[in-house]
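*Asks:* Take this structure first; my questions come after.
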Amino acid sequence: MSRNVIFRRMREEDAAAAAALEAACSREAWSERAFASAACDPNALYLVAEEDGGIVGCCGIWQSFEDGDICNVAVKESCRRRGIGESMLLELMRCAVRNGIRNFTLEVRSGNRAAVALYEKLGFIKEGVRKGFYSNPTEDALILWKRGGL
């Protein structure tokens, strides 16, 4: 990973860049308005990865008591395979633990082998499947959990 990449809390003014990044990475991207709302929500924590003044990654977590639902994990295609996603997720999880989160969950397309491999590397375990959860194309979602903190 480049030494120029920094991770910081997403601000409301980052919403347009985050929405554009996710739209380039996902068929079911959030809107700018949704990111702006999440950046201000006290139950959410969103981070961005910034390199040379531009946003190259984003991810977030929504807290419900001691559980955290990780969502919107995206890394700019030209920046992948440099460890940005892994480092960004680890930073997100460290921040979440400081906020009282002990268990992490997420959903991922069953066919997204790179993402599944990353989550397994971070200690996530498959605990369920949501049949036909994703559209365009229709695909199952794997439900992964990492329990007991980092």
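*Asks:* In the range 52-107, which residues are hydroxyl-bearing (Ser, Thr, Tyr) and either under 18 Å from VAL5 (Cα atoms) or in contact with a helix residue (DSSP H, G or I) (Cβ under 9 Å, 6 or more places away or on another chain) (or both)?
*Replies:* SER78, SER87
*Asks:* Would you say ARG147 is closer than 22 Å to PRO42 by Cα and either open to solvent by less than 40 Å² (accessible area, probe 1.4 Å) or modelled with pLDDT of 95 or more (or both)?
*Replies:* no
*Asks:* If you don't mind, there's one more thing I want to ask. State whether one or more residues within the range 132-141 are touching a Leu at 6+ places or on another chain (Cβ under 9 Å) and in a loop (DSSP other than H, G, I, E, B).
*Replies:* No; the residues of the range 132-141 include none that is touching a Leu at 6+ places or on another chain (Cβ under 9 Å) and in a loop (DSSP other than H, G, I, E, B).
*Asks:* Next question, about the same structure. Just to check your reading of the model, which residue among GLU28, GLU32 is modelled with pLDDT under 95 and either out of contact with any Pro (no Cβ under 7 Å at 6 or more places or on another chain) or open to solvent by 10 Å² or more (accessible area, probe 1.4 Å) (or both)?
*Replies:* GLU28
*Asks:* Could we say that VAL48 is open to solvent by 10 Å² or more (accessible area, probe 1.4 Å) and in contact (Cβ under 8 Å) with a residue 40 or more places away in the chain here?
*Replies:* Answer is no for this residue.
*Asks:* Can you pull out the residues in the range 83-99 that are crowded, with 18+ Cβ neighbours inside 10 Å and closer than 15 Å to ALA114 by Cα?
*Replies:* ILE84, GLY85, LEU89
*Asks:* Further question: Quick check, is LEU106 in contact with a Leu (Cβ under 6 Å, 6 or more places away or on another chain), more than 21 Å from ALA141 (Cβ to Cβ) and assigned to a strand (DSSP E or B)?
*Replies:* So LEU106 does not fit the description; no.
*Asks:* Out of the residues in the range 1-23 that are small (Gly, Ala, Ser) and in contact with a helix residue (DSSP H, G or I) (Cβ under 7 Å, 6 or more places away or on another chain), which is surrounded by the most Cβ atoms within 10 Å (Cβ to Cβ)?
*Replies:* Among those residues, the one meeting the criterion is ALA18.
*Asks:* Tell me the residue from ASN136, ASN112 that is closer than 19 Å to ALA29 by Cα, in contact (Cβ under 8 Å) with a residue 60 or more places away in the chain and either in contact with a helix residue (DSSP H, G or I) (Cβ under 6 Å, 6 or more places away or on another chain) or open to solvent by 30 Å² or more (accessible area, probe 1.4 Å) (or both), please.
*Replies:* One residue alone meets the criteria, ASN136.
The values are calculated or read from the model by the stated rules, or taken from the named source; none is laboratory data. Remember, predicted model here, so these are calculated numbers, not experimental data. Methodologically, a virtual Cβ is constructed for each residue, glycine included, from the backbone with ideal geometry; neighbour enumeration extends over all protein chains shown. The protein model used for the area step is the full one, side chains on, heavy atoms only, and it has no ligands, DNA or RNA in it. Shrake-Rupley method; radii C 1.70, N 1.55, O 1.52, S 1.80 Å.
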